[in-house]
Every structure is written in structure tokens, then in C-alpha cells.
Amino acid sequence: MNPRLALARLLAMFRKRKLDRELQEEILVHLELAEHDALSRGLMPDEARQAARRNFGGIEQMKEDQRDNRSVRWMENLLRDFRYGLASLARDPGFAAITIGLLALGIGANSAMFSIVDAVLLKPLPFPNPERLVRVWESTPNGHNGTTTLTFLDWKRQTDIFEALSAEGAFRAALTTSGDPARVSGKVVSADYFEVFGVKAQIGRTFAPGEDQPGAARVVVLSHAFWRTHFAADPGVLNRDLMLDGEPHTVIGVLPAGAFDRDEAVVWKPMIFAPDQMNRRQHWLAPVGRLRAGVSLDQARAKMNMLRASLDGVIVQKKWGFTVDPFMQMLVGDTLRRSIYLAFGAVLLVLLIACANVANLALAKGATRRKEMAVRAALGASRGRLIAQLLTESLILCLFGGAAGVAFGALLLHLAAPWVAASLPFTADLSMDLRVLVFAAFALMAVLVLVGLLPSLRSSFGKLSSALNQGPRGSSGSNATMRRTIVIGEVAASVILICGAALLFKSLAKLQQVDAGVRIDHVITMSADLPAAAYPTPDRAIRFYEAIVQRLQAAPGVEQAALSQGLPLQGVQWGEFLNLPGVRESLLVRLKLVDPGYFSAFQIPVQAGRGIESRDRAGATPVVVINEELAKQLSRTFGIPSAVGRTVSIGVPGYGPIPESLVTLQIVGAIGNERTAGLNAPPELVAYLPLAQVPRQDFKIVVRTRSAPSAVMPAIREAMHQIDPNVPLGDVMTMEQVRENSILWARQPTWAVGAFAGVAALLAALGLYGVLAHSVTQQRREIGIRMALGAGSGDVLSHVMRSAFAMLALGLAVGLAGAFILTRVLKTLLFQVSALDPLALAVACVLMAAVGILASWIPASRATHVDPMTVLRDEG
Amino acid sequence: MQMLAVNMSENKTDVPYGTLDLIILKTLDTMGPMHGYRIARRIEQVAENFVRLNQGSIYPALIRLEQQGWIGTKWGISETKRKVKFYSLTRTGLKQLSLEVAKWERSTALVARFLEAES
């Protein structure tokens, strides 16, 4: 069939009425002309008409012939079924609405969730040849660590392994191009950073080789989003100056829109190593690289091992090796990966339960339509045609449900995106793209098979005689069993989800009860950075610290102001080795730089000696305060019962051009543990150094307030503005928010699974309700007779509830068994809660039972209101 | 292709299988635009008493030819002053006609050879 003919036939289907009318007219004119001719040949009018008819042949048969010729028969059938299906759904809008709603819920939630799965785990990274992107690390006995400048430069020379290798580090700067200074995030990167990702500038260029060498001009590359918001997408932005920390940086390029717009960084500048960074002690770089084409991961690893062996003479950390990992794998942490799979599994169960409900509804409807089907079969419709008819109806429902589902999914994704985006890597683009639509289509097909085929096979089985004879009386046996089985399955699946949710919520509650070691109410925090140009020396920085604390302390509503590098629960950036004089063995400790107000602002108790005080200033004896954990560790490792008064040596970070140096410090006190790495992480070994002795350009301001923290913010901003209007404040968060953010990884999957479990329980309850309501309706006569014979409403109630309890109990048992098997996948996400925690599982069962009993109560109590007289009169 | 009804009472044959399309195309080629009744009459006249045509059977053929793009239609007025479709050969129809004619001639020649060989 050529395309033209195919098109003509397809079009003919939609012009059916017009074509039929035209044919009818042609036939009439034909007969008229024939009659006219016959008359003129001298026939009588009656004979003429008969002759015309005879010569024409069978009119109806010809019309059928013509229809067959002009269009596609099976498609006409399909269209007719479609129209019939629409009409039959319109006759029962309640059924249609509920079914479409259920499918939309299932498909929508699944599409939205799949979009996340796809963006984070399945889709290749949005860069050319993403499989060649790698992270390069040093491997330590307990995991990964960054590398040193000199080692990085050694790696960079391995051009037979890497096409490009770049270090990257974050920076924040005050942007003072216009008006009030704004705080922007950026990255310092090696010149070939964008070659690693294979990204070319949309306007201008990215960094040229040599632009990351000492003495190079200050240049920046902008993200597309930043260029749009900050420069109003001005194409003439090139060569303009961007004032970062008071220093002009020439804009040399703008990136294309895409992945880098989701990065926190909005500007990139070359990373230029300072002379003091040229060592093999500071492990501070986490390079990202692009493997040369044709170099496999294993080959790269082998070559790096060889390099490691050849460098053994100069490497300081003798036990550490080199390792190469796929970038994608490093981008998504284990916890995130698990959480996403978990939520996806949960939402698939919800879809399954929604399908079960739809199938159940279809079965119930099928039971009431047995007569219609039997009559149609008796009138000659083949079983295949009847199944096709029912399948078409399911198809219509699925199409509507799917369309509504995709719309609902897009809405869900739109609502959830801001909430989840922060936890996802910058490469994840959440959108309802073609891949998600294809997934939705496949899900829909699976649903169609589940909810369409099964009930339609069953309902067209019936024999005419039995269907017609049965009347509206009894409940049809096998159908009822099947529907009950489906409900039991729904209850079981819901129980599994509720068990999972209960475990996660219990774990979350445990996590929230963890004592952070610091008082977090009425504390507001913010970050600030001192521009290097205005604060070139430690002295300047220290004067700023004193001034700002003094000013804040005097501000209304402020109880205690403090400065520190880093906040509780957010992890400590600096790790250094602590040595006792004359002892070879060293301890890796976290270094925290704090001012005298820090311990009292967070109410961290001093357990021995003293805290950091204002006398610990530049020039005075360098001191250190240790936490309880470190004190214990010192006594365990070195047998020192009381560390206070001892001297230790630690590598201490420098300031600006001043290099890191090894300093001998006196331990002057010990304080209680604060949770530095998160509520779920055990206390770390932490050494606190006075900020006045080890100043930093980047620091946090911590303010304990007397009233609501937000009310004090204006005063804080004002104080800051008076000291230096060019130091903008960023990351303003109450300590409660900091704490909430630190357990986001646990909250997100918990609430997701919790929400899905809630939906599942409701759906299961709906299914239970549906089956019971249907069976009560079908058994009205039986109930009526029982009541007429003296059964009280209590008997009727218990009769219905017994069947509800049976389904619930079976569902709970199966669900619990499933939970025993399945909750172990939660193990790594649970905090101090066993995957088989009896209390959580019991609560889950009680919840499901309660919801189930509530749902059964309505039909059961309706059964007691059956009036025997009415029923017997109606159907007798 | 549908079977044409044969009137058994008279000693006439059916329109040979597969030839109606060719006959209609040829008719339109010789006579120019015509309506359905005229086409049927013309076929009957040319065939004289060889075939018995159910006049109605040309309509399924006409829609098929029209969908193939070989004939075009135009509304006109019949002798009885009624609106009626006039059919005419299109350019592709003309090409198709020559193809069909060639095909027909080849097959009759083939059959003729066999008949000669038999004697």
C-alpha cells in the first residue's frame, strides 16, 4: 500500500458520515438516470423503476463493499470500540473518575520519582564522553584523601593517562561591582578544568594554558545563569572587570547554559599555587581528570600504582596509595543512592497497590456487566471481540490516567525540586523529559496488562445461561475470591511500606534526640570572608575580629557573640597530625579555630583547665584546648592521664601568603565534646586553637540572642556595615536550621517513604472498603432474610467485620513476613534502630489495622441498616 | 478485490476478475469526464452482450481508483438536473492506464501462446 493510499484510507475513517452520504446521493442519481433512460425507451413507470433497480444490483452489499474498499477495517473496529468505551465510561463517571485518579496518582508519583532516579543515577553525565571523567585521590587505609600540590603536579605530567587534570577548590568573595557588596561562590581551578568536562565557552573563551601560573593576569569565567542575572545577558560582557574582594578580574568567557548553572559556583578563576603550597605534606587537592581516549580505568590505576612506587622516596604518607575512580560514582554518595532506590521502590509499591485497586474496581464492574457481555456473546460477538472491547475500555482509562499522571508528575516534580535539589549533584537535571515520558509509557503498558487483561479475560468467560439466570442475587464465587486476594495483597504491600516508614521515623527521632554537645536554641550563624587586599596581614584580621565582636556584643538583643572557623555538625575542614615531643607516633586530629566567646556561646562546658581566653593573642604563648574525646585518646595512646599542661606540636594553617608551619602548643584545657561531623557520627578528636593566634580570612559569626534570632539580624548587619561595609554576610542560618540541614540525608528518604506509605495505606483501605461495600450490596437479600429470621444488627455487623478481619489479618501476616525480608535494605539508613525493631513493626501493624477497621466499618454499619421488608419485596 | 455478482439467469459472463479497473480507466480515457451512471452504461454498451454488469459494482472500484489518485472527481449537474459526481482521468491515472494496458497485453499474449502450443 503506498503512502498516499494509506493516508486516503486513514482519512476516510474520519469522513465516514460524509462519504456515506455522498455515496447515497450518487446511488439515488444513478437510479433516477437509469429510470429516466428506461422511460424514454418506452417502459411503464413501474417497470422502469424495477429495471433500474435490477441493473444496479444489491445496494446494501455494494455499500459494504465500498466501505471495505475505502478504509481499514480493524481500525474502524478499534475506533468503534473506542467510542463505545467512552460512552460506557461516561455512563459510569464515578468509576471512570476513581480509576483515572488512581492511575494518575500511581503514574504521576512514579514519573516524578523516576525523573530523580534518571537524573542522578541513570543518565550519563551531561558532558561529552562522560565515562572518561575521573576523580583522582590518594587512598588511605580508611578511604580517600586529597593530595598535595607537588604530587598533583606529578600526576598532571602523566599525559599518557590524562588528557586533562585539574584541581578545584571553592572560594567565596565579596562582589562589589554595584551597590552593596554581595557574597558570591566561586571555584579556583586549573587552567584545563573545562577541558576535563569538555565544555567550551559560549561567549569568549575558557582559561588558556599558563593562566594558572604565578604572575598571570586576573581573569574569570562566568556561569550562564550569573551572566544573565548579573549582566542582563549582555553580549558585551567580555573584558569587563568584575570586582571580587575589591580586586578587578577581567571577564574572559561565559559558559553555555546547563550543568554548571546548577553548581553553587557562579565564577571560576585560575588556581595559582603559592610557593608555600609547593610541598607534599598538605593534602588539600581533590583533582578531577579526563582519561585519554582508549585508556581504561584499570590501565589508569595500574599506571598510577607504578607512579606511586617510583615516587616512594619523596612521598610523606608512606602508607597511602594513588587511586582513580569514575567521576559519576564519586558524585553520588552511597546514602543518596540508597535513599533514591528506596524511595523508588516505595513508589513502585504504591503504583502496584493503585493497580490492584483499579483491577479490583474493574472486576467489580465486570461482575455487574456479565449480563451485558453474555447478551452480546449470544448475539454473535466472538470472545476475542468482547475481550478487545474490554481491553479498549481499559486502554481508554489508562490513556486518560497516564495523561493525568504525567501532568501530576510534572507538578510533583516542580514542587519537590527545590526541596531535593540541594541534596543532588550539580549534574542532575530534574525535568519531565522524553526519557521520563518513555518510562511513563512503559509503566502504563505494564498497568494495562495488569488491570486490563486479567479482568477482561475473567469477565468474558461467563456462560450466557448462568449469567442470565443468576440475576442480581448471590456474590459470584471465583470473582469474589480473586478480589479478596487482591485486597490482602494490597494490605500486605502497605504493611511493608508502613513498617519501613515506622523504622525510618524511629531512626529519625533517635537522630534528633542526639545531644549535639552544644546549646542550639537562640543562636544565629552567618559566614563572612575578609578580602585579601584589605586584610593582607594577620594583624589586620585580628583587629577586625576584636572590633566586630565588641560591636556585636553591644548590639541590642545579643547575649554572646563569637567567631569560629566552622560550625558544629558541619564537619571540620582542617585535619592535622598532632605529635607529642619525643614520640614518633602521631594522631590525626581536627583543627578548629575559635575565639574566646565560642565555648560560652554554645555553652560547651570546660572540663579541665580553661577555655580559650582573650589573653591568647598573637605573641602570647601558643595554646590549644582539646575536647574530651582527644583527652581520652591521648591517655589511651600515650598513657597521659591528664593532658592539661602538656605541650604538643601541630601543623598550623597560615594566613594569606604566610605558609603553614609546625607550632609547639601548650594544652591549657579540655572541654566537652561537640558533634562536629553530624549527629550520627561519633565525636571526633578535635583541637581548638585561638583564632587570634591562627587567624583566617573565612570565618563564621555565631550570635546567641536573647529573643528570636531573626529579630536581631538587622542589628547584626548594621554592626557589620559599620565595621567594614565591604564584607558581606552570607549563609545566614539559625543553629536549628544548621542542625536540620545536617540530617537532611535522613529526613528526605524518611518523609518520602512515609508519604508513600500513607498513600499506600489509604489505597489499601479504599480497596478493603470497595470489596466489602460491593459484597454487602450483593448480599442485601441474604442479610435481609437473616434479619427477618431474627438476626440482630450486632450479628450482621460481626458477619461483615469478620470477613474484614480475616482479610486484614492475612494481609498483616503476609506483610510482616515481607517486612522481615525487605526492611534489611534499610539497615545502612537506620540510626540506632534495628531493621526488625519490634516496637516500630508493632506500631506499623496497629496503624494498618486501625485504618483497615475504619474502612470496613462504613459498609458494615450500612449492612445493619438493610430493611428486610424492602429487600424481600424488591427482589422476591 | 471483490467478486462481482453474476446473473445466472442470462447466458452472460461476469466482468473478468481484475479487469474492471482497467475498463473504467480506459472508458474515462476515451470518453472524458463522466458520472457513474454514464460510465456503467458505456461499459454495458461497449461490452454489448458479453458481460452482465451489476451497475452498482463500479462504485467500490471508483472510490479505490480515486484513493489511488488515478481518477479525480468534480461535482456537476446530471441530465435530470441533480448534483452528481463527475469522474475524470488524472495524469497519474493516464500513466497507470498505459501500464495496465501493457500488463494486460502481456498476459493475453502469454495465454494465447499456450493455446497455440496446445493445437
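Okay, here's what the table says:
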{"quantity": "Sorted peptide list for A:325-336, A:208-219, A:726-737, A:107-118, criterion being average Cβ within 10 angstrom, highest first", "calculated": "A:107-118, A:726-737, A:325-336, A:208-219"}
{"quantity": "For B:63-69, mean number of other protein chain Cβ atoms within 10 Å", "calculated": "6"}
{"quantity": "Cα-centre dipole for segment A:568-638 with unit charges at Cβ (Lys and Arg positive, Asp and Glu negative), debye to 20", "calculated": "80 debye"}
{"quantity": "Within 10 Å of each Cβ in B:82-89, the average number of Cβ atoms from other chains", "calculated": "3"}
{"quantity": "Fraction of antiparallel bridges per DSSP, the protein assembly as shown only, in percent to nearest 5", "calculated": "80 percent"}
{"quantity": "Segment A:776-821, Cα convex hull volume normalised per residue, Å³", "calculated": "62 Å³"}
{"quantity": "Sum of side-chain charges, B:PRO60 neighbourhood, beta-carbon under 10 Å (Lys, Arg +1; Asp, Glu -1)", "calculated": "+1"}
{"quantity": "Kyte-Doolittle at least 0.5, axis length at least 18 Å by Cα - qualifying DSSP helices, chain A", "calculated": "A:93-117, A:334-368, A:383-421, A:434-448, A:477-513, A:744-778, A:793-822, A:838-864"}
{"quantity": "Global form of segment A:278-340, assessed from the alpha-carbon gyration tensor, a/c cut-off 1.5", "calculated": "oblate"}
{"quantity": "Segment B:11-72, relative contact order in percent, only Cα pairs under 8 angstrom and at least six apart counted", "calculated": "41 percent"}
{"quantity": "Neighbourhood charge, 10 Å Cβ-Cβ cut-off, centred on A:VAL589 and excluding it, Lys, Arg +1 and Asp, Glu -1", "calculated": "-1"}
{"quantity": "Ranked by how many other beta carbons lie within 10 Å on average, peptides A:534-540, A:392-398 from highest", "calculated": "A:392-398, A:534-540"}
{"quantity": "Long-range tail of P(r) for the protein assembly as shown (Cα pairs > 57 Å, %)", "calculated": "42 percent"}
{"quantity": "Whether segment A:248-319 is rounded, prolate or oblate, judged on the alpha carbon gyration tensor where a/c under 1.5 counts as rounded", "calculated": "oblate"}
{"quantity": "Taking chain A and dividing mean pair separation by its residue count, relative contact order in percent (alpha carbons under 8 Å, at least six apart)", "calculated": "15 percent"}
{"quantity": "Packing-based ranking, highest mean first, of A:677-684, A:196-203 given that Cβ atoms within 10 Å are counted", "calculated": "A:196-203, A:677-684"}
{"quantity": "Cα-based Rg / Dmax (Å) for segment A:194-236", "calculated": "12.0, 33"}
{"quantity": "Relative contact order computed over segment A:650-803 (Cα-Cα under 8 Å; 6+ residues apart), in percent", "calculated": "13 percent"}
{"quantity": "Exposure proxy ranking, count of Cβ atoms within 10 Å, fewest first, for B:ILE24, A:ILE658, A:ILE701, A:ILE387", "calculated": "A:ILE658, A:ILE387, A:ILE701, B:ILE24"}
{"quantity": "Using distinct alpha-carbon pairs, which all enter the 1/r mean, Kirkwood radius of segment A:161-250 in Å", "calculated": "14.2 Å"}
{"quantity": "Residues B:ILE43, A:ILE340, A:ILE612, A:ILE272, sorted so that the one with the fewest Cβ neighbours within 10 Å comes first", "calculated": "A:ILE272, B:ILE43, A:ILE340, A:ILE612"}
{"quantity": "Test item: Cα-centred dipole of segment A:228-303, Lys/Arg +1 and Asp/Glu -1 on Cβ, debye", "calculated": "560 debye"}
{"quantity": "Overall form of segment A:528-575 per C-alpha gyration tensor (a/c, 1.5; a/b vs b/c)", "calculated": "oblate"}
{"quantity": "Charge dipole of chain A about the Cα centre (unit charges at C-beta), most positive-ward option of A:LEU351, A:VAL738, A:GLN573", "calculated": "A:LEU351"}
{"quantity": "Scattering curve values for segment A:642-703, log₁₀ I(q)/I(0), Debye with Cα scatterers, q = 0.14, 0.22, 0.23 Å⁻¹", "calculated": "-0.56, -1.15, -1.18"}
{"quantity": "10 Å Cβ neighbours from other chains, averaged over peptide A:50-61", "calculated": "4"}
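Only the coordinates and a few stated rules stand behind these numbers; no lab work does. Every value quoted in this text rests on a predicted model; they were computed, and no experiment measured them. All Cβ positions, glycine included, derive from the backbone under ideal geometry; neighbour counts span all protein chains shown.
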